[in-house]
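Single-structure report; data block below.
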Ligand code: FES
């Protein structure tokens with residue numbers, strides 16, 4: 001199944017196979033979303049999900065701890081390095 005990812009900062013929409021890590025997708029389709037540690041430590045990859053947050057695999061404990069520090073007021077924030085894309089999403093850089 002193909003899913004659609006819209007990068008708001010770049011005004012770019014791509015279609016990719018579902019259930020892939022966003023890191024892998026972004027490695028193949030460079031965008032404004034940057035990665036540092038790729039392991040829930042630096043917060044570089046903080047994004048806001050403008051639509052389709054339910055189409056990302058659930059937040060795990062480690063990610064939630066960092067989200068609580070970086071974006072406690074934003075229920076639509078995710079760390080892109082931890083996201084697995086299961087359906088259509090629209091995202092933008094949040095830091
Ligand atoms: S790249 Fe460091 S937290 Fe995602």
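Since every read-out is calculated from the coordinates, none of them should be taken as a lab result. Treat the numbers as computed from the prediction; the structure is a model and nothing was measured. Reconstructed Cβ throughout: ideal geometry from the backbone, glycine too, with neighbour counts over all protein chains shown.
Numbers for the structure displayed
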| item | result |
| --- | --- |
| Qualifying residues in the range 15-48 (those that are in contact with a strand residue (DSSP E or B) (Cβ under 7 Å, 6 or more places away or on another chain) and farther than 22 Å from residue 58 by Cα) - the one farthest from the ligand (Cβ to nearest atom) | 29 |
| Checking residue 62 against (1) within 10 Å of the ligand (Cβ to nearest atom); (2) under 12 Å from the mean Cα position of the chain (by Cα); (3) over 17 Å from residue 95 (Cβ atoms), the condition it does not meet | (2) |
| Criterion violated by residue 89 - all others in (1) within 14 Å of the ligand (Cβ to nearest atom); (2) touching a strand residue (DSSP E or B) at 6+ places or on another chain (Cβ under 9 Å) satisfied | (1) |
| Top-ranked residue in the range 68-86 [being more than 10 Å from the ligand (Cβ to nearest atom) and over 12 Å from the mean Cα position of the chain (by Cα); ranked as surrounded by the fewest Cβ atoms within 10 Å (Cβ to Cβ)] | 73 |
